[in-house]
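Peer 1: I am attaching a structure below and will ask some questions about it afterwards.
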Amino acid sequence: MLEYSDAGGALGRDMKEKYRRRYRDVLKKAEIECPPPEKPPGKAKRGRVKRSKSRNLLERLIKHEEDVLRFMESEHVPFTNNLGENDIRMTKVQQKISGCFRSMEGVRMFCRIRGYLSTCRKQGISSSQAMTLVFEGKLPDFAGESSPYDKIR
């Protein structure tokens, strides 16, 4: 959305409404392409009719429109949740590779290191720079005088 950066990081009300209308128009077209399932005639089967994965997604996008478009309303909400997913992914990968962590102390160390590296990455410090600072006994500039990592020890 070039307009977002042109607006200095915030969309005006008109632009928000424009994109909201486009969002709804796309969902209306999707409803035509993927209509709700109907009960087969003559069948006395009870309960809900099974929906496809695409229909379930469509219904969630309609129901949770405010949540999906929240990034347009709040500058603190990112457009994607990639950073959050990436933070969790390495823990899951480690767990899958080894089957589990051997001890709670190992979990704490792994999470402390991953948290430190993730925070550094989000602050523009590469992993190699971050580890170099650790081995030199220094804190990154964003940590200031005292670091939250000092309290965890």
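Peer 1: Could you tell me whether Leu69 is under 18 Å from the mean Cα position of the chain (by Cα), modelled with pLDDT of 75 or more and either closer than 27 Å to Leu27 by Cα or in the same structural domain as Lys29 (by TED's automatic domain parsing) (or both)?
Peer 2: Details: under 18 Å from the mean Cα position of the chain (by Cα): yes; modelled with pLDDT of 75 or more: yes; either closer than 27 Å to Leu27 by Cα or in the same structural domain as Lys29 (by TED's automatic domain parsing) (or both): yes.
When the stated conditions are applied, Leu69 passes them.
Peer 1: Give all pairs with beta carbons closer than 7 Å in which a residue from the stretch 24-36 that is more than 13 Å from Glu65 (Cα to Cα) meets a residue that is part of a helix (DSSP H, G or I); count only pairs at least 6 apart in sequence or on separate chains.
Peer 2: Within 7 Å, the pairs are Ala30/Leu58; Glu31/Leu58; Cys34/Ser54; Cys34/Arg55; Cys34/Leu58; Pro36/Arg55.
Peer 1: What are the residues in the stretch 72-114 that are among the hydrophobic types (A, V, I, L, M, F, W, C) and farther than 30 Å from Val26 by Cα, if any?
Peer 2: Passing the criteria: Ile88, Met90, Val93, Ile97, Cys100, Phe101, Met104, Val107, Met109, Phe110, Cys111, Ile113.
Peer 1: Take the conditions outside any helix (DSSP H, G or I), at pLDDT below 85 and among the aliphatic types (A, V, I, L, M) and apply them to Val77. Does it pass?
Peer 2: So Val77 passes the test.
Residue-by-condition table, conditions (1) exposed (fewer than 12 other Cβ atoms within 10 Å of the Cβ); (2) assigned by TED's automatic domain parsing to the domain that holds Arg108; (3) assigned to a loop (DSSP other than H, G, I, E, B):
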| site | (1), (2), (3) |
| --- | --- |
| Gly47 | yes, no, yes |
| Arg51 | no, no, yes |
| Ser54 | yes, no, no |
| Leu57 | no, no, no |
| Asp87 | no, yes, no |
| Thr91 | no, yes, no |
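Peer 1: Could we say that Ala143 is among the aliphatic types (A, V, I, L, M), at pLDDT 85 or above and out of contact with any Pro (no Cβ under 6 Å at 6 or more places or on another chain) here?
Peer 2: Answer is no for this residue.
The values are calculated or read from the model by the stated rules, or taken from the named source; none is laboratory data. Every value quoted in this text rests on a predicted model; they were computed, and no experiment measured them. Virtual Cβ from ideal backbone geometry, glycine too; neighbours counted across all protein chains shown.
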